[in-house]
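The next block holds one structure in the form of structure tokens; read it before the comments.
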Amino acid sequence: MTFAGSPDRIEAQLVPEAGYELDTFRIAGLPRKPSPELARALLLAGRAPRACARILAARHPDAVLGGGGYVAGPMVYSAWRRRVPAALMEADAHLGLANRFAAPFARRVFLSFPIDGRSGPKYRVTGRPIPARSRPLPQAEARKLFGLPQAGPVLLVFGGSLGARILNELVVEAFGAAGPAILHLSGTRDYDELSSRIQRPDYRLYAFTEEFGAALGASDLVLARAGGSVWELAAAGKPAVLVPGLFATGDHQTKNARFFERGGGAVVVPEGEVGRAPELIRSLLDDPRRLAQMSEAMLRLARPGAADEIAEELIGLAS
């Protein structure tokens, strides 16, 4: 197995660190408005299939899997041109622009969520593969790791690598002085400013953690955005209050969140109503019976076998 991607993105660091070979080609996302950046992106998009064809000629793959972003499109198209079976993954409840362009050239499209109009033999609803680091630790062990109290409820808050400023501000303002025990992964951007506002020892603030499974294991309820990490919450059986980001293309975070709300595992709070989240959180933490029901619902919705299912399909395509 080898990887291909952009030399300017995080894969250029992560793939070699994980011990795999990486072939690179220049590509950029397409801005939605006319601009010099759009002209540059179109120029790179026109050149990318030829670069991808050279990579395929050198590697002779039996199958190609596209991760779903704009990097995947030229490679899937080039694979189709060379009659190499290709597949795509879609992480959200909305088929992104890159995948809409690339889907006609793929033999399979693996969907994390059911999407209207995307059915038939080409499409498989598999859920989203989750990393091994997200498997939850036992609660007592996880709380000890983060210095959290063994008794009482714990709220986990996170918002991605940079964090979600609206959630960061909300939680520190509502719970910085008093409230339930908090495990807050703020992201690197806001950490320094937030740290001076914490006034109690059972409010544990971190910029990030490599032990995300432990963070899940330590918590009783999660406050978060609604990106691909919602599948990690589901696999861990964690009830959630989800605040979808308005920035998300096609409002896909709202669609992601509503899927888990309909299934009974989450409560959705629109960003414009985020001020009501603290009282909702308090009411949920005071209702163990409802939390247990939401946890069971999350586990029913989870697709922990997604990675294996996709791997088996790829083996079938390759053979």
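Filtered by the rule that a residue be open to solvent by less than 50 Å² (accessible area, probe 1.4 Å) and not in a helix (DSSP H, G or I), region 173-198 gives G176, G179, P180, A181, I182, L183, H184, L185, S186, G187, D190, I198. What single numbered condition from (1) under 25 Å from I315 (Cα atoms); (2) within 24 Å of the chain's Cα centre (by Cα); (3) surrounded by fewer than 19 Cβ atoms within 10 Å (Cβ to Cβ) fails to hold for G117? The failed condition is (1). Do we have Q139 as surrounded by fewer than 19 Cβ atoms within 10 Å (Cβ to Cβ) and under 20 Å from L299 (Cβ atoms) here? Criteria met by Q139.
Per-residue answers, yes or no, for (1) open to solvent by 20 Å² or more (accessible area, probe 1.4 Å); (2) under 22 Å from G316 (Cβ atoms):
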| position | (1), (2) |
| --- | --- |
| R50 | yes, no |
| I55 | yes, no |
| A63 | yes, yes |
| F113 | no, no |
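Looking only at region 269-287, residues that are touching a residue at least 60 places away in the same chain (Cβ under 8 Å) and either of a type in the set (V, I, T) or open to solvent by 50 Å² or more (accessible area, probe 1.4 Å) (or both) come to 4 in all. Take R124 and decide whether it is modelled with pLDDT of 95 or more, over 23 Å from A4 (Cα atoms) and in a strand (DSSP E or B). Answer is yes for this residue.
Please enumerate the residues belonging to region 208-257 that are part of a helix (DSSP H, G or I) and free of Cβ contacts under 8 Å to residues at least 60 places away in the same chain. Result: V230, T254, A257. Against the criterion of being β-branched (V, I, T), open to solvent by less than 10 Å² (accessible area, probe 1.4 Å), closer than 26 Å to P244 by Cα and without any contact (Cβ under 8 Å) to a residue 60 or more places away in the chain, V109 qualifies.
Number of residues in region 44-63 that are under 10 Å from S78 (Cα atoms) and outside any helix (DSSP H, G or I): the value is 0. Between A72, A87, A79, A45, the distinction of being open to solvent by 20 Å² or more (accessible area, probe 1.4 Å) and either small (G, A, S) or modelled with pLDDT of 90 or more (or both) belongs to A45 only. As for region 238-251, it holds no residue that is hydroxyl-bearing (S, T, Y), open to solvent by 40 Å² or more (accessible area, probe 1.4 Å) and farther than 26 Å from H94 by Cα. Checking each residue in region 1-21 for being open to solvent by 40 Å² or more (accessible area, probe 1.4 Å), of a type outside the set (S, T, Y) and touching a helix residue (DSSP H, G or I) at 6+ places or on another chain (Cβ under 9 Å) picks out F3, A4, E21. As a summary of the residue check, L145 satisfies the conditions (1) open to solvent by less than 50 Å² (accessible area, probe 1.4 Å); (2) part of a helix (DSSP H, G or I); (3) touching a residue at least 40 places away in the same chain (Cβ under 8 Å) except for the one numbered (1).
All conditions but one from (1) out of contact with any Gly (no Cβ under 6 Å at 6 or more places or on another chain); (2) over 19 Å from V154 (Cβ atoms); (3) of a type in the set (A, V, I, L, M, F, W, C) apply to I281; the one that does not is (2). Determine whether region 215-236 contains at least one residue that is over 22 Å from D92 (Cα atoms), touching a Lys or Arg at 6+ places or on another chain (Cβ under 6 Å) and not charged (D, E, K, R). Yes.
The values are calculated or read from the model by the stated rules, or taken from the named source; none is laboratory data. Keep in mind the model is a prediction, meaning the values are calculated, not measured. Every residue, glycine as well, gets a Cβ built from its backbone with ideal geometry; the counts of neighbours run over all protein chains shown. Surface accessibility is based on the protein's heavy atoms, side chains included, excluding ligands, DNA and RNA. Shrake-Rupley method; radii C 1.70, N 1.55, O 1.52, S 1.80 Å.
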